[in-house]
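Engineer: So that we are looking at the same thing, I have put the structure below in structure tokens.
What follows draws every value from the coordinates through simple rules; no lab data is involved. The structure presented is a predicted model; accordingly, all values stated were derived computationally and were not measured. So basically every Cβ, Gly included, is an ideal-geometry build from the backbone, and we count neighbours across all protein chains shown.
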Amino acid sequence: MVRLRFAPSPTGHLHIGAARTAIYNWLFARHYGGSFILRIEDTDFERSSEEMTEGILAGLKWLGLDWDEKPVFQSQRIKLYQEKAAELVKKGAAYYCSEGSSQAVRFKVPNKDVFYKDLIHGPITVKSKNIEDFVLLRSNGLPTYHLSVVVDDIDLGITHIIRGDDHISNTPKQILLYRALGVSPPEFAHQSLIFGPDKKKLSKRHGVTSVLQFREMGILPLALFNYLAQMSWDPGEERIYSRGEIIEKFYLDKRSQGSPVFDISKLEWINGRLISDKSAEELFPLVKAVLQEKGLWQHDLDIEKRPWFLQLIGLLKERSRKIEDFSDRALPFISDNFPYESKAVKKHLKDERLGELLARLSDDFIGLESFKALPLEKALRSRAEKEGIKPALLIHAARVLVLGTGVSPGIFDVLEIMGKEKTLERLAAFNSVSKSSKQ
Ligand code: GLU
């Protein structure tokens with residue numbers, strides 16, 4: 001049975017490169033019905049923190065990854081590494097050497113080339129003369145990465161290791177360690193790193209790279225999961241899949257050798273598709289969380305009291321690419337303190353006749369029995385006809401006055417949700433709004 005692991009060092013946030021590694025190992029384990037183990041590589045006591053560990057676990061859970069067995073912490077296994085180092089010395093595979101006043105343990109690299117078959121790169125040979133004797137145990141008694149990683153992967157019975165190309169130069173050393181410990185090495189698969197649009201390794205310079213930051217932006221977990229999973233694996237048809245579908249179709253793809261470029265607009269496009277597939281009820285708690293974060297949430301928006309808020313989510317979701325987008329776009333509906341786009345004001349409120357036209361339109365609206373999209377549309381169109389003007393003149397003006405913007409979902413739906421009182425109040429503000437743009 002296959003056993004895979006994800007082994008983050010808790011010295012930073014869960015970066016999307018690491019998240020992709022976690023996803024691939026998880027998919028491989030789940031596809032073949034094996035186990036997925038989490039190991040926290042926290043032997044760098046100074047740079048590791050519990051807070052980072054918690055953030056990494058939260059990020060993995062949010063992405064929908066789960067793990068079997070209790071997570072393993074390397075900091076609790078130092079003794080085991082020391083024992084293994086001593087065992088290697090005893091076997092003659094390693095030796096003590098002085099490091100200042102104390103002793104470190106170094107691995108004795110055998111005079112034989114290392115050959116292995118990478119599941120992605122194919123056969124790889126490394127000359128032994130290019131590998132120098134490397135440290136296993138530092139003089140302070142702490143293991144180096146090579147020692148702890150191999151001891152643990154043996155102990156945990158790991159069968160396959162999928163990781164980034166940044167580790168490819170470590171692999172020959174680790175294979176030698178396996179052999180010295182009398183264990184045959186697992187299969188290795190090294191994937192190309194993720195690059196930024198400038199073809200440099202993706203880093204903070206390129207913008208958001210931490211999984212939890214994507215969560216804060218209102219990226220849905222399944223969107224990021226799909227994006228990262230399809231970054232180096234081709235399911236045949238490019239579309240959005242459920243996690244179950246991806247597990248079923250997954251295989252280790254040779255495309256993992258190509259350098260994928262992180263494209264935020266593609267991620268947002270996937271996210272927008274997933275948002276529009278969700279019902280307003282499903283989106284409600286997410287939108288609420290974003291509004292709360294921005295200090296815009298009001299108690300009376302709760303569903304029972306304001307069914308219109310659900311209607312609003314239903315209206316806005318079609319063009320929202322992130323949950324964050326809802327907050328800007330919902331603002332005019334929940335507050336009077338919203339901005340007017342000056343370009344839209346200049347363009348759509350410049351006609352001198354609008355003051356009177358809007359006053360008469362408002363009278364028509366007041367007379368309506370129900371303030372619903374259909375009667376509103378009828379009233380506006382017949383007003384335009386009576387006045388001998390194009391309905392668009394009134395539609396654009398109403399949009400700018402009510403929302404402050406030049407584009408929006410269907411204006412009659414907007415007015416219905418805005419309600420009679422607010423609509424009339426904002427149409428009546430024509431003089432002051434159009435004047436403000438002339439100053
Ligand atoms: N802690 C290592 C890292 O975060 C794990 C490397 C490995 O997968 O062997 O890069």
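Engineer: Using the Karplus curve 6.51 cos²θ - 1.76 cosθ + 1.60 with θ = phi - 60°, work out ³J(HN,Hα) for each residue of the stretch 97-102 in order, rounded to whole Hz, and write x for Gly and Pro.
Structural biologist: Listing the rounded values in order: 9, 7, 10, x, 8, 10 Hz.
Engineer: Now, a different point. Any idea what the relative contact order of the chain is, in percent, if you count C-alpha pairs under 8 Å spaced at least 6 apart?
Structural biologist: Reported as a whole number, the value is 12 percent.
Engineer: When only DSSP loop residues count, what chymotrypsin sites (Phe, Trp or Tyr not before Pro) in the stretch 1-85 have their Cβ near at most 12 other Cβ atoms within 10 Å?
Structural biologist: Phe45
Engineer: How large is the convex hull of the C-alpha atoms of the stretch 66-116 per residue, in Å³?
Structural biologist: 164 Å³
Engineer: Is it possible to state the helix-based mean residue ellipticity at 222 nm for the chain, with each DSSP H run of 4+ residues giving -39500 (n - 2.57), the sum divided by total residues, to the nearest 500 deg cm²/dmol? What is it?
Structural biologist: -14500 deg cm²/dmol
Engineer: From the gyration tensor of the Cα coordinates in the stretch 231-337, what semi-axes in whole Å does the equivalent ellipsoid have, largest first, with each one equal to sqrt(5λ)?
Structural biologist: Largest first, the stretch 231-337 gives 35, 15, 11 Å.
Engineer: Would you mind working out the magnitude of the charge dipole of the chain relative to its Cα centre, with +1 at each Lys and Arg C-beta and -1 at each Asp and Glu C-beta, to the nearest 20 Debye?
Structural biologist: Charge dipole, the chain, about its Cα centre: 1080 debye, nearest 20.
Engineer: Taking the DSSP beta bridges in the chain as the whole, what percent of them are antiparallel, to the nearest 5? Spell out each step's value before the answer.
Structural biologist: Numbers: 16 of 28 bridges.
Restricted to the chain, the bridges split so that about 55 percent are antiparallel.
Engineer: Choose one of Ala392, Ser242, Ser256: the residue whose Cα lies farthest towards the positive end of the charge dipole of the chain (beta-carbon charges +1 Lys, Arg; -1 Asp, Glu; about the Cα centre).
Structural biologist: Ser256
Engineer: When only alpha-carbon atoms count, how far does the stretch 1-111 stretch along each of its three principal axes, as whole angstroms with the largest first?
Structural biologist: Ordered largest first, the stretch 1-111 gives principal extents of 48, 34, 25 Å.
Engineer: Now for a different question. What is the Cα centroid distance between the stretch 185-224 and the stretch 350-372, reported in whole angstrom?
Structural biologist: Here the answer is 52 Å between Cα centres.
Engineer: Could you pull out every residue, at least 5 positions away or on a different chain, whose amide H is within less than 5 Å of the one on Glu187? Hs are placed 1.01 Å off N in the peptide plane, and Pro or chain starts have none.
Structural biologist: His160, Ile161
Engineer: Let me ask something additional. Considering amide H positions built from the backbone, and no H for Pro or chain starts, which residues 5 or more places from Ile194, or on another chain, come under 5 Å of its amide H?
Structural biologist: The answer is Leu202.
Engineer: Based only on the alpha carbon positions, what is the Kirkwood hydrodynamic radius of the stretch 170-300, in angstrom?
Structural biologist: 17.8 Å is the Kirkwood radius here.
Engineer: What's the longest uninterrupted piece of the chain once you rule out the GluC sites (Glu not before Pro) that are loop residues per DSSP with at most 16 other Cβ within 10 Å?
Structural biologist: For GluC sites (Glu not before Pro) (loop position, at most 16 other Cβ atoms within 10 Å), the longest site-free span of the chain is 133-236.
Engineer: Would you mind computing, in nm to one decimal, how far apart the modelled labels at Ser276 and Lys435 are, each placed 7 Å from Cα along Cα→Cβ?
Structural biologist: 4.2 nm
Engineer: Under a Cβ-only charge scheme (Lys and Arg +1, Asp and Glu -1), can you give me the dipole magnitude of the stretch 251-296 about the Cα centre, in debye to the nearest 20?
Structural biologist: Dipole about the Cα centre, nearest 20: 140 debye.
Engineer: Name the trypsin sites (Lys or Arg not before Pro) in the stretch 205-262 that are in a loop by DSSP and that have at most 16 other C-beta atoms within 10 Å, would you?
Structural biologist: Arg239
Engineer: Relative to the present Cα-Cα distance, how much length would full extension add between Ser382 and Lys201 at 0.36 nm per residue of separation?
Structural biologist: 59.2 nm
Engineer: If you place +1 on the Cβ of every Lys and Arg, -1 on the Cβ of every Asp and Glu, and leave all else neutral, what size is the dipole of the stretch 80-202 about its Cα centre, to the nearest 20 Debye?
Structural biologist: So the magnitude is around 340 debye.
Engineer: Taking amide H positions as placed 1.01 Å from N in the peptide plane, with prolines and chain starts having none, which residues 5 or more places from Gly164, or on another chain, fall under 5 Å of its amide H?
Structural biologist: Here Gln191 satisfy the definition.
Engineer: Something else about it: Expressed as a whole number of Å, what is the distance separating the alpha-carbon centroids of the stretch 92-157 and the stretch 43-70?
Structural biologist: 26 Å
Engineer: I would also like to ask the following. From the phi of every residue in the stretch 389-405, what ³J(HN,Hα) in whole Hz does the Karplus formula 6.51 cos²θ - 1.76 cosθ + 1.60 yield, where θ is phi - 60° and glycine or proline is x?
Structural biologist: Running phi through 6.51 cos²θ - 1.76 cosθ + 1.60 with θ = phi - 60° gives 10, 6, x, 4, 4, 6, 4, 5, 5, 4, 4, 5, 5, 7, 10, x, 10 Hz.
Engineer: Dividing the convex hull volume of the Cα atoms of the stretch 168-228 by its residue count, what figure in Å³ per residue is obtained?
Structural biologist: 135 Å³
Engineer: Quickly work out the Glu99-to-Asn337 label distance, labels modelled 7 Å from Cα along the C-beta direction, and quote it in nm with one decimal.
Structural biologist: Modelled inter-label distance: 5.8 nm.
Engineer: From the backbone phi of the stretch 200-217, what are the Karplus-calculated ³J(HN,Hα) couplings (6.51 cos²θ - 1.76 cosθ + 1.60, θ = phi - 60°) in whole Hz, Gly and Pro given as x?
Structural biologist: 9, 3, 4, 8, 4, 3, 7, x, 5, 10, 9, 4, 5, 5, 5, 4, 4, 5
Engineer: Here's a follow-up. What residues from the stretch 328-370 fall in the zone where the backbone N is under 19 Å from a label point 7 Å along the Cα-to-C-beta line of Ala392?
Structural biologist: Within reach of a label on Ala392: 343-354, 358.
Engineer: Measuring from label point to label point, each 7 Å out along Cα→Cβ, what is the Val208 to Glu293 span in nm?
Structural biologist: According to this spin-label approximation, the distance is 0.7 nm.
Engineer: May I pose another question? Report the rotationally averaged projected area of the chain based on its alpha-carbon convex hull, in square nanometres.
Structural biologist: Result: 28.0 nm².
Engineer: A further question follows. Once you compute Rg and the Kirkwood Rh from C-alpha atoms, what is the Rg to Rh ratio for the stretch 328-405?
Structural biologist: Details: Rg = 13.0 Å, Rh = 13.3 Å.
Taking Rh as the inverse mean 1/r over Cα pairs, Rg/Rh reads 0.98.
Engineer: For the chain, with the dipole built from +1 on Lys and Arg beta-carbon atoms and -1 on Asp and Glu ones, taken about the Cα centre, which of Ile334, Trp297, Gly355 lies farthest toward the positive end?
Structural biologist: Looking along the dipole axis, the top candidate is Gly355.
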